[in-house]
Structures are given as C-alpha cells and as structure tokens.
1. To the nearest Å, what is the center-to-center distance of the stretch 313-368 and the stretch 241-279, using C-alpha atoms only?
2. How would you rank 115, 243, 329, going from fewest to most other Cβ atoms within 10 Å of each one's own Cβ?
3. Test of understanding: ordering 232, 98 by Cβ neighbours within 10 Å, fewest first, what list do you get?
4. When a/c is below 1.5 the answer is rounded, else prolate if a/b is larger than b/c, else oblate, so apply that to the stretch 297-352 with a ≥ b ≥ c taken from the square roots of the Cα gyration tensor eigenvalues.
5. For a distance above 18 Å, tell me the whole-number percent of Cα pairs in the stretch 41-143 that qualify.
6. Go ahead and estimate [θ] at 222 nm for the chain from helices alone: -39,500 (n - 2.57) per DSSP H run with n ≥ 4, summed, over the residue count, rounded to 500.
7. Just 28, 213, 16 to compare: in a GNM of the chain, with alpha carbon springs under 10 Å, which one fluctuates most?
8. For a quick check, take a GNM of the chain with Cα springs below 10 Å and name the residue from 215, 312, 254 with the largest mean-square fluctuation.
Ligand code: NPQ
Ligand code: MG
C-alpha cells in the first residue's frame, strides 16, 4: 500500500470522575487520533501519550510533533508500505513508542480492513470475549474507596486493582479485604512510587492474598524488583519497566517479575506487544492487558490483543462508562464481567463522525 495523507486530531474527553494515581490526578483525557489515507483505504488509531510526561517520557504535543515532522514524511517516501515495515522504517528514530504504535496501528487497520480480517484473528486470538477488571484510583477516604469497589463489583468486574502510594497501601487493602472478603481477585499498582528501602514495608502486603503487586519501583530499577520478588510471596508484575520483548526477556531472566502487564503503546505497537506475549508464554509467565484511559479506538484494539492465549488475567480494559459519558466511538459495555472482542475488519471500529467532531479540539491535515 501507499500512504497518501494523514489527519491528526486532538480530542478531549472529560472523565466521569477524576482519576488519582501516585503520578497525579487526571480530570480530562486528551488524546491524539490519527486517520491515514492509503491506496487501500483509510486506517484509524489513537496515541495513548498523556498531556505531560508523567507515566512515561512521552507527551501528546511531542508525539504529534514526531509523527507529523518525522514519522509521516518517512512513510510518505516509501514505495510500498506494509504493517510490519513500519517499525523497520522508523527504527532509526529512538524511543517514542506511543507515537510509533499509533502510526503502525493505523497502517495495520487500513491493511486488515482491505483484506477483511479482524485484528484478533491477525494476532492469533483464541477468545471471542475477554474477562475484564477495573483500576480504582486513590480516594480521599477509605469509605469513598469502599463505595467505589462496591459499585464496580456490583457491575460485574472480575478483578479490582487499587492504586497505591506510600501512606495509601496497607490500610485500603485491609479495608477492601475486610469488607468484600478474601475471594475477590485483588491487585495493587504503585506506578513506581516506592524506593528500595520500602521492601520490608511492601512485604506487609503478603498477608492479603493479592494476585500481584504492580511496578513498585522506578522503571530502570530491575534489581530492586528482583530483590522484592525474592523477598515476597505475592507475584510481582512489571508495567513501566517493560518497553520491548527484549526488556521482557531481561526482566524474566533476572527474576524481576513473574507477571507482565502489556500495553501496546508502551512497547511500540501491537506487533511488539505480541512478541512480549510470546516471550512470556515461552517462560510460562501470564500476561494481561493494561489500560491507558483509551478512547474506543484503543479499547477495541486492546480487546483484540487480550484475546491471545497468554492473557491469563483480567485486563484493565474496562467498559467505556468506567471512564467516559461520551466517547468518539460507540461504547463498550460489560456483560457478565466480559467485553466482546470486535470481529469487524481491522481494529473493528471507527469513530462516530458526530461524536468525533464534538470532542475534537483541533485538526491538522498532513500531505507529502
Ligand atoms: C497503569 N493505567 O496501569 C495505568 C496508569 C495510568 C488504568 O491504571 C492519563 C493517561 C492518565 C494514562 C493515569 C490504569 C493515566 C494514564 C494512570 C495511565 O499504570
Ligand atoms: Mg500500571
């Protein structure tokens, strides 16, 4: 296929309630939507970078810049473009996995649409619906937290993940266990908020029978994760530390984790995400699909990824209503704690033109 033009749109989606993590508080989700025009038809994707480089070094304005000024011109100049060729063509540009993922996914969407195949089938999916969990932000009070967990359990979520930070860890976990019992699948995510000196404190989480503890230490500190993994009974899961299949292999070899959270944006796209899945499979390690407050575009594609056999734990792919009253696509809803994997060609969904127009804050048209 040949790339002929691209549309970059900034969209702004108000969150149902502010989402607080150890990284900060988010009230609005600004995102970047990419639409490519190719000789085979159009392709859609979103970039999951956030306004500020807090979760990772990428941020939206920077992602838009590298896409418009470097990535797209490189792809315009290519005679023949195919999905697997995108990462190869952009390999000379270091970093920027979220921006690369958006471009590759839009090419993949266009290519699969043209052949009539859905992303799940293309990636090797084996499930038509996937079990999902919910990520619960840090709240002002324990009562408020218990109210939220109650609501999500009633809605049918199959796993609860509590965001933690120093000063908000043992107590909220204990309160959730005491209120809802020991059989609720429960995890915690620190988003790098702890330091090596906290290992003894974190071992205090062992008594609560958590499915896993996610990313307590900074991304580069595999050594402390390995020390904690050896000192703790609860499985350790890495998120921010894993930016490629090679990272996954290194972390597993070092004993730094026994579960991996896969986010396609963080690892540079769905093709690398599948390779992370394959490395984990080869090590007998379960993976699950993380969440980046995606619009319906990213949610659809994540469902395809989560249909692969190694996704053995419920993902952070919640129903649309967990985050948004209005999305740019039709909403995804929970049925029996599961979301359906899209089966339409490509990522399986396109934005609703009226909703997209309403939520767009700026549009840019890019041609060779
Ligand atoms: C995680 N996500 O697993 C991330 C962190 C995260 C659903 O827990 C804006 C955009 C704000 C992306 C806040 C969940 C965000 C964000 C937190 C991702 O670590
Ligand atoms: Mg995480």
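1. 25
2. Fewest-to-most Cβ neighbours within 10 Å comes out as 115, 243, 329.
3. 232, 98
4. Cα axes put the stretch 297-352 in the oblate bin.
5. Values: 3107 of 5253 pairs.
Counting pairs separated by more than 18 Å, the tail of P(r) holds 59 percent.
6. Values: 15 runs with 130 residues, N = 368.
Taken over the chain, the calculation gives -10000 deg cm²/dmol.
7. Top of the fluctuation ranking is 16.
8. 254
Quick note: the coordinates plus some simple rules give every number you see, no bench work behind them. Nothing here was measured: the structure is a model prediction, and the numbers come from that model. We place every Cβ from the backbone using ideal geometry, glycine too, and count neighbours over all the protein chains shown.
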